[in-house]
């Protein structure tokens with residue numbers, strides 16, 4: 001697919017004009033100019049076309065993506081050509097674009113692009129194009145990358161005061177100071193920062209000392225085990241409920257409190273592992289979706 | 001990291017400077033001066049951004065320049081003021097804060113400047129300017145594409161080289177590729193705006209010598225030699241006088257250069273005024289309707305034989321006004337009979353016998369009539385091919401070949417008249433022309449070149465025009481000077497010749513001829529295998545030499561391409577090998593140096609190693625000074 005840019009139109013008009021002048025003056029030097037302009041147009045077409053060949057795109061999608069939250073997705077441009085570098089490649093993904101100024105032959109380059117998925121559920125990033133104005137910014141050539149990337153967007157975590165689960169659990173078990181990690185009490189340890197940690201818990205002092213982002217781990221008010229029965233929850237505002245449960249799941253697991261979930265008749269036993277968390281979030285994300 | 005905008009700026013200046021060089025000769029001084037001043041200012045401002053000139057100021061200046069240049073434009077002085085204005089506008093554009101659009105405009109204007117130069121000169125220098133501009137603008141346009149995507153983008157030096165390589169690659173494909181378009185682009189025999197072309201055509205020679213028997217390309221040349229603005233006149237009056245040739249040496253005619261005193265009596269006849277636009281054709285003679293009386297042009301010399309010339313050769317299109325008298329007679333009361341009866345001694349007794357037979361006991365007028373009749377009614381035929389080329393071409397023409405071009409007809413008549421005692425001379429010029437009713441002018445082409453005779457008849461008290469050929473063309477003569485410098489000049493001129501032959505003179509007819517050739521080649525492929533084999537065999541002897549050169553070149557390139565540190569190490573090891581110490585594989589340099597028994601040598605070697613390692617292991621580049629000092633130390637080993 002080719003789009004003629006404004007400069008391209010001017011180039012075409014200039015070529016026609018010079019060609020017309022050449023014919024009507026019979027001046028062979030002007031013929032040379034017209035010929036060169038045409039030749040350049042052809043060669044730029046060939047180079048432009050070649051510039052988009054042998055390119056592959058890979059997306060580095062984070063494991064946890066929450067609706068309504070900006071996340072960076074890594075876009076890797078792989079130049080599979082043996083000789084020709086890739087110049088000025090613009091990768092268009094959905095309505096975003098990233099520019100790769102230069103990618104050598106048989107090498108790759110990576111850049112990040114921020115995405116913000118508004119709704120939970122399964123998303124397919126299928127509309128990926130590589131385009132380039134190379135070599136002369138007269139024409140923009142596009143090539144569709146026939147590759148689709150599936151990702152699941154978890155519900156947006158929302159802290160809700162109206163959910164009975166937390167109260168009920170609290171009432172049954174009662175609050176207790178514990179060594180479990182939470183955000184409520186004293187510092188237990190300092191660990192490496194991981195995505196999703198609130199900014200206010202970053203230990204700037206340790207970060208400055210080590211040069212690596214560090215997060216303070218505080219002791220939590222103990223809640224022994226939590227089972228969230230989503231099927232029995234009020235679903236008048238489904239998205240809201242999903243958001244609240246997502247928030248709870250994240251909060252409990254971050255606080256090292258095993259959390260379980262009953263959803264669509266499926267029973268997930270309480271646990272704190274990462275894979276368990278992802279499973280729960282996937283269930284919540286895909287709830288009521290075909 | 002190098003900023004793209006900076007590279008773009010440098011390339012733009014290069015394109016502009018080359019464009020300026022291409023039109024420099026044709027610019028008025030004030031245009032050149034303004035351009036240079038503005039260029040220097042813009043260069044200064046691009047490095048020291050002390051002030052920013054507002055766009056409206058620059059626009060106002062641009063408009064003023066356009067108006068001033070427009071005032072200088074006339075029909076005869078059209079291209080130069082436009083080019084002058086354009087070059088100043090380019091310089092003004094350089095002053096502006098440049099966006100993609102501004103750069104694109106600058107490049108477009110530079111292309112127009114080059115086109116302008118092509119209207120003024122067809123010299124081969126164009127090819128140089130064109131190639132340079134193509135190379136610089138290709139590179140600039142690639143960087144401009146980067147600039148358009150992100151104006152502040154910066155790239156690494158290694159990437160810069162890669163982009164430069166790419167632009168070279170594009171150029172090396174696109175420029176030869178344009179030859180294909182050059183050959184196939186449509187052409188017409190009747191260009192509308194050809195008046196814009198001021199640069200001379202490669203007119204093959206209308207020279208001041210006529211050599212009998214030489215075939216001239218002028219006969220096939222369809223270029224315009226001049227246009228004469230005037231009312232339409234009868235076809236038989238269309239004789240355009242150029243040069244008068246009076247000295248005959250048996251096979252060629254020349255202008256003797258003898259200038260008798262100006263004894264011409266005023267001409268009689270109908271007065272015809274022409275404005276002639278003469279194309280540059282490389283000689284100094286001016287053409288005018290026979291018989292010219294006065295020419296309004298500086299430095300014109302009108303000889304008493306009515307040939308008009310300038311002191312120098314004409315290398316640019318000129319315009320002059322001529323007053324001619326349409327008359328068959330040039331009055332002359334004091335003709336130098338010796339000059340116009342000159343013949344080489346012992347010239348062809350056979351022709352002498354013929355003349356004697358034809359003219360015995362006849363008056364001058366009868367002699368003229370008799371000889372003219374002999375030529376016109378004889379079985380002589382006009383031909384441009386297979387001309388007589390013996391030692392005595394005229395005798396050959398008159399008695400054997402009986403075919404020749406207008407030079408043979410005119411020479412025969414003039415020679416026979418001279419032999420019969422009637423002063424005669426040859427007049428070279430053009431005959432005929434194509435009248436353009438709309439424009440009111442005659443267009444005279446090179447192939448209209450013609451030679452006729454003027455004979456002096458005492459009873460008419462003047463020279464009368466005699467044209468023994470109804471329609472003929474003239475062959476040019478070529479210099480045969482064997483001097484070294486001329487040969488050298490001719491050799492150099494070969495490039496020009498090919499430039500003019502294949503590029504400048506490539507036209508519709510040649511395009512058609514080429515197409516026919518290709519068609520014929522496709523229909524009847526003529527594969528000359530034996531010939532090709534022979535050629536290959538002939539070149540086979542050169543193969544070892546070429547291979548040897550290739551190997552030497554490869555070694556040289558490898559040596560040059562080797563990193564300086566590798567070269568140093570090699571030299572160090574070589575030197576120590578000569579002293580009996582061979583570095584083992586995987587042996588460290590310090591280890592190697594420590595193995596040396598001689599204390600003096602060991603210390604020196606260790607010094608070299610220490611110095612080398614102090615640079616090498618710190619990832620520093622070897623400066624010229626480092627290399628020099630290390631080399632010196634290694635030499636001392």
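Here, each number is a calculation from the coordinates, and none is a lab measurement. Source: prediction; values computed, not measured. Don't worry about glycine lacking a Cβ; one is built from the backbone with ideal geometry, like all the others, and counts go over all protein chains shown.
Values as computed for the structure displayed
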read-out	value
Cα-based shape type of the protein assembly as shown, given that a ≥ b ≥ c are square roots of the gyration tensor eigenvalues and the cut on a/c is 1.5	prolate
Of A:187, A:128, A:71, the one that fluctuates the most in a GNM where chain A has Cα springs shorter than 10 Å	A:187
Helix-only mean residue ellipticity at 222 nm for chain B, each DSSP H run of n ≥ 4 adding -39500 (n - 2.57), per residue, nearest 500	-16000 deg cm²/dmol
Top of A:100, A:47, A:252 by mean-square fluctuation, Gaussian network on chain A, Cα under 10 Å	A:47
Contour excess over end-to-end distance, with Cα ends at residue B:315 and residue B:46 and 0.36 nm allotted per residue	92.7 nm
Cβ-based exposure ranking for B:419, A:33, B:343, in which fewest neighbours within 10 Å come first	B:343, B:419, A:33
Rg [Å, one decimal], Dmax [Å, integer] - the stretch B:2-184, C-alpha atoms	17.2, 53
Relative contact order computed over the stretch B:563-636 (Cα-Cα under 8 Å; 6+ residues apart), in percent	36 percent
Shielding by partners, peptide A:94-101 (average Cβ within 10 angstrom, other chains)	2
Highest-fluctuation residue, A:103, A:210, A:69 considered, GNM on chain A with Cα pairs under 10 Å	A:210
Nearest-ten-degree value, helix B:406-419 long axis tilted from longest Cα axis of chain B	50 degrees
P(r) of the stretch A:25-171 over all Cα-Cα pairs, binned every 5 Å from zero, in whole percent	2, 8, 15, 15, 12, 10, 9, 7, 5, 4, 4, 3, 2, 1, 1, 0, 0, 0, 0, 0
Relative contact order computed over the stretch B:2-184 (Cα-Cα under 8 Å; 6+ residues apart), in percent	38 percent
Contact order relative to length of chain B, as percent, for alpha carbon pairs under 8 angstrom and 6 or more apart	13 percent
Neighbour-count ranking [beta-carbon atoms within 10 angstrom, fewest first] of B:118, B:151, B:123	B:151, B:123, B:118
Helix B:4-23 axis, angle to chain B major axis (alpha carbon atoms, nearest 10°)	20 degrees
Packing-based order for B:546-558, B:600-612, using average beta carbon neighbours within 10 Å, highest first	B:600-612, B:546-558
Per-residue mean of C-beta atoms belonging to partner chains within 10 Å, peptide B:358-366	0
Burial ordering of A:18, B:375, fewest other beta-carbon atoms within 10 Å first	B:375, A:18
Test item: B:105-113 mean partner chain Cβ contacts at 10 Å	2
Degrees separating the helix B:542-561 axis from the principal Cα axis of chain B, which is the longest one	40 degrees
Computed E for residue B:173/residue B:67 - FRET, C-beta separation, R0 35 angstrom, nearest 0.05	0.20
Antiparallel %, DSSP beta bridges [both residues in the protein assembly as shown], to 5	95 percent
